Amino acid sequence: MKQFFISLWFGDLCHFFRKLLAITNDCPPFGRLLKRCAIYRGYKDEILLLQNKHRNRNLHTSLIFYTMVRCASNFTWKILKMLAREEGMTPIDLGSYYWHYGKSKDDLSCLHTEHVYKLSGYVYGPFRNPHPNVPCSEKYQILLQLRDPRDVLVSHYFSRAFSHRIPLWNPATANEVLTVREKLKRTSIDQDVLENAENVKNTYEKYCREMLVKPHVLFLKYENMVEDFRCWLDQVIEYFEFRIGDSAKERIVRQANFDVPKENIYHYKRQVKPGDHRRKLKPETVTKLNGIFRNVLVELNYETGSCRHGEDFRSC
């Protein structure tokens with residue numbers, strides 16, 4: 001009965017967002033005003049940088065953060081922004097700016113001008129796929145953070161089906177998110193992860209091929225972060241030579257709360273425990289994923305053994 005009422009509420013929420021989008025579109029002056037206020041409130045630095053009007057004289061080598069969806073990319077970006085500001089650097093999130101306000105992925109991938117990607121004073125990210133058009137990428141510091149790709153697929157299913165935020169100021173993308181959400185109501189999790197496995201594998205293989213062995217790249221795992229955040233943070237600070245006081249460091253450590261007492265599919269932080277693919281997927285699905293990601297799992301040193309459906313990975 002409880003799930004029934006949650007489902008009704010969830011349907012009403014989707015309907016509310018569609019109505020809000022329609023109101024915004026039907027009243028262009030009102031919509032434009034709200035959009036302009038939201039843009040300048042959240043992305044002033046990005047806008048100035050794209051217009052070649054932003055200046056930062058900080059000499060610290062710029063950092064680029066590469067990752068995948070569902071690898072704690074938003075939380076990691078929050079930490080990087082705190083570190084950047086302590087260092088006097090400027091964090092720039094072009095992907096989020098484009099996603100919210102009507103730019104396409106093609107626009108972002110073609111953006112490679114030197115006045116946008118500066119060699120010092122900036123932290124760029126999070127880029128959730130390899131972004132080949134950064135000029136002279138070997139001259140930047142790079143953080144690459146990935147997660148077990150099988151867990152990425154499971155987490156991505158729950159995000160798209162239940163909890164992914166809706167970009168109110170980008171109606172086309174908002175409708176796309178809502179349409180996918182409706183579709184996934186009729187799709188099993190096992191079917192969805194197998195349909196998306198090849199695309200995820202291609203992205204991981206590209207990361208492994210182009211970044212993993214580079215000397216200016218720090219590779220960390222999502223699992224490292226959630227299991228020992230302080231150690232993870234120390235590696236980031238040391239590798240990128242961030243100058244940060246003890247009080248600021250402790251303030252950052254207090255931001256890390258990976259305790260989820262009870263899983264909730266409607267929460268953005270549904271659950272954080274590694275090995276979720278073994279608890280959510282059928283054994284035959286896990287076996288297929290192990291085959292698809294075999295080379296990636298070996299390269300990134302992830303376990304490939306199978307567990308019984310619903311069994312905790314730590315006991316395997």
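The values are calculated or read from the model by the stated rules, or taken from the named source; none is laboratory data. Since the structure is predicted, the reported quantities are computational estimates derived from the model, not experimental observations. For neighbour counting, all protein chains shown are included, and Cβ atoms are generated from backbone atoms with ideal geometry for every residue, glycine included.
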Next item on the list: Please work out if GLY11 is small (Gly, Ala, Ser), surrounded by fewer than 16 Cβ atoms within 10 Å (Cβ to Cβ) and at pLDDT 90 or above.
Entry: no
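Can you tell me how many residues in the range 41-95 are more than 30 Å from ASN196 (Cβ to Cβ) and not charged (D, E, K, R)?
19
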Item checked: the range 172-190, subset modelled with pLDDT of 90 or more, assigned to a helix (DSSP H, G or I) and not acidic (Asp, Glu), residue surrounded by the fewest Cβ atoms within 10 Å (Cβ to Cβ) -> LYS183
Check: Which number in (1) surrounded by 13 or more Cβ atoms within 10 Å (Cβ to Cβ); (2) modelled with pLDDT under 95; (3) within 19 Å of the chain's Cα centre (by Cα) marks the one condition that ALA248 misses?
Finding: (3)
Notebook entry, point to check: Taking the range 279-316 on its own, how many of its residues are over 22 Å from the mean Cα position of the chain (by Cα) and at pLDDT 75 or above?
Noted result: 17
Margin query: Would you confirm whether or not the range 164-179 contains a residue that is in contact with a Cys (Cβ under 7 Å, 6 or more places away or on another chain), in the same structural domain as PRO130 (by TED's automatic domain parsing), over 23 Å from LYS288 (Cβ atoms) and of a type outside the set (A, V, I, L, M)?
Written below: no
Note to self: Just checking: which of the helices (runs of 4 or more DSSP H) contained wholly in the range 68-139 hold 3 or more residues that are surrounded by 21 or more Cβ atoms within 10 Å (Cβ to Cβ), out of contact with any Leu (no Cβ under 7 Å at 6 or more places or on another chain) and modelled with pLDDT of 75 or more?
What the structure shows: 73-87
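Taking the range 199-214 as the region of interest, how many residues are touching a residue at least 40 places away in the same chain (Cβ under 8 Å), part of a helix (DSSP H, G or I) and out of contact with any helix residue (DSSP H, G or I) (no Cβ under 7 Å at 6 or more places or on another chain)? Quick ask: steps written out before the conclusion?
As a first pass, look at the range 199-214 and keep what is touching a residue at least 40 places away in the same chain (Cβ under 8 Å): 200-201, 203-208, 210-212, 214.
Remaining after also requiring part of a helix (DSSP H, G or I): 200-201, 203-208, 210.
From the residues that got through so far, the ones that are out of contact with any helix residue (DSSP H, G or I) (no Cβ under 7 Å at 6 or more places or on another chain) too are 203, 206-207, 210.
Residues meeting the conditions: 4.
Please tell me if GLU195 is part of a helix (DSSP H, G or I), surrounded by 15 or more Cβ atoms within 10 Å (Cβ to Cβ), acidic (Asp, Glu) and in the same structural domain as VAL260 (by TED's automatic domain parsing). Break it down into steps so the answer makes sense when it comes.
Details: part of a helix (DSSP H, G or I): yes; surrounded by 15 or more Cβ atoms within 10 Å (Cβ to Cβ): no; acidic (Asp, Glu): yes; in the same structural domain as VAL260 (by TED's automatic domain parsing): yes.
So GLU195 fails the test.
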Check: If you go through the range 147-154 one residue at a time, do you hit one that is in a helix (DSSP H, G or I) and either surrounded by fewer than 18 Cβ atoms within 10 Å (Cβ to Cβ) or modelled with pLDDT under 95 (or both)?
Finding: no
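Could you tell me whether any residue of the range 261-282 is in the same structural domain as LEU80 (by TED's automatic domain parsing), in a helix (DSSP H, G or I), of a type in the set (S, T, N, Q) and under 19 Å from CYS71 (Cα atoms)? Lay out the reasoning, then the answer.
Just the residues of the range 261-282 that are in the same structural domain as LEU80 (by TED's automatic domain parsing), to begin with: 261-282.
Next cut, in a helix (DSSP H, G or I) only: 276-280.
Adding the requirement that they be of a type in the set (S, T, N, Q) leaves none.
Scanning the range 261-282 turns up no residue that is in the same structural domain as LEU80 (by TED's automatic domain parsing), in a helix (DSSP H, G or I), of a type in the set (S, T, N, Q) and under 19 Å from CYS71 (Cα atoms).
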Notebook entry, point to check: Looking at (1) in a helix (DSSP H, G or I); (2) touching a residue at least 60 places away in the same chain (Cβ under 8 Å); (3) in contact with a His (Cβ under 9 Å, 6 or more places away or on another chain), can you tell me which one PHE242 breaks?
Noted result: (1)
